[in-house]
Amino acid sequence: DDSRLGGVPTIDALFADAYHPLVWVQFLMDPVRAVGFKFILTVWVAFMSAMALAWNLTGNKWWAGLLGMLYALSPEFFTYIYGGHDGKMMVFAIAPLALLAIRKVVRGGSIPYMILLALSVAWMILGSHLQLTYLFLWGAGLYTLYEVAFHCDGLKTRGKRIGLAAIGLAFGLALSCFQL
């Protein structure tokens, strides 16, 4: 109906985050309070995933804690709470963990991190901001190509590592395909 929603074919509330893992909070507590609690948990996930990436980059848990806190409480991320942009927050919260997983998959061929990449992608897609997930996946794909180009020696190794990252992406899409 072109007279409603500016002709947008879907309503966000119909596909929102109905299947996101944090939706279980609404079943465990009062739904009105659960919305705020979901924001708190999302900020906590942002802290933990940024801390994990920072720990891998710096090798120091204290710097990792500080950088994780700065990421989770940064104005760009933290002010999404006031506007109710939980979908954007869900993507930004897990993005550092997905980048860490890509880094580990490409540099070391890690299967557990491939699974972590799949779960991170599923987390993003099950959130309510598919556009930001789409943009993140483009960036993650380019980052994967960068990692492969500069951190893999042979052509055979490059092919295997891109294949592992692609399998992780495929598993993430398969886990969340019912949302799409």
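The values are calculated or read from the model by the stated rules, or taken from the named source; none is laboratory data. Worth saying up front: this structure is predicted, and the values here are computed from it rather than measured. Here the Cβ positions follow ideal geometry from the backbone for every residue, glycine too, while neighbour counts run over all protein chains shown. Note: areas computed on protein heavy atoms with side chains; ligands, DNA, RNA excluded. Shrake-Rupley method; radii C 1.70, N 1.55, O 1.52, S 1.80 Å.
Structure notes:
- Considering residues of region 27-52 that are surrounded by 13 or more Cβ atoms within 10 Å (Cβ to Cβ) and among the β-branched types (Val, Ile, Thr) only, the residue farthest from Gly83 (Cα to Cα): Val45
- Residue ID - farthest from Arg33 (Cα to Cα), chosen from residues in region 102-132 that are open to solvent by less than 40 Å² (accessible area, probe 1.4 Å) and among the small types (Gly, Ala, Ser): Gly109
- Some residue of region 40-56 being at pLDDT 80 or above and more than 17 Å from the chain's Cα centre (by Cα): yes
- Selection status of Trp55, assigned to a helix (DSSP H, G or I), free of Cβ contacts under 8 Å to residues at least 40 places away in the same chain, open to solvent by 40 Å² or more (accessible area, probe 1.4 Å) and within 23 Å of Gly168 (Cβ to Cβ): yes
- Of the residues making up region 69-108, those that are more than 27 Å from Glu147 (Cα to Cα), touching a Ser or Thr at 6+ places or on another chain (Cβ under 7 Å) and among the small types (Gly, Ala, Ser) number 1.
- Selection over region 118-138 of residues that are farther than 11 Å from Gly87 by Cβ and among the aliphatic types (A, V, I, L, M) gives a count of 6.
- Exactly one residue among Leu169, Leu173, Leu145, Leu99 is open to solvent by less than 60 Å² (accessible area, probe 1.4 Å), part of a helix (DSSP H, G or I) and not β-branched (Val, Ile, Thr), and that residue is Leu99.
- Region 150-165 - residue that is farther than 12 Å from Gly109 by Cα and open to solvent by 50 Å² or more (accessible area, probe 1.4 Å) and, of those, modelled with the highest pLDDT: Phe150
- Output for region 58-82, where each listed residue is open to solvent by 90 Å² or more (accessible area, probe 1.4 Å) and more than 15 Å from Ala93 (Cα to Cα): Lys61, Trp62, Trp63, Tyr82
- Unmet criterion (only one of (1) surrounded by 15 or more Cβ atoms within 10 Å (Cβ to Cβ); (2) more than 20 Å from Val23 (Cβ to Cβ)) for Trp138: (1)
- Among the residues making up region 58-94, those that are within 19 Å of the chain's Cα centre (by Cα) and outside any helix (DSSP H, G or I) are Leu73, Ser74, Thr79, Gly84, His85.
- Against the list (1) in contact with a helix residue (DSSP H, G or I) (Cβ under 9 Å, 6 or more places away or on another chain); (2) modelled with pLDDT under 95; (3) crowded, with 17+ Cβ neighbours inside 10 Å, the condition His85 fails is (1).
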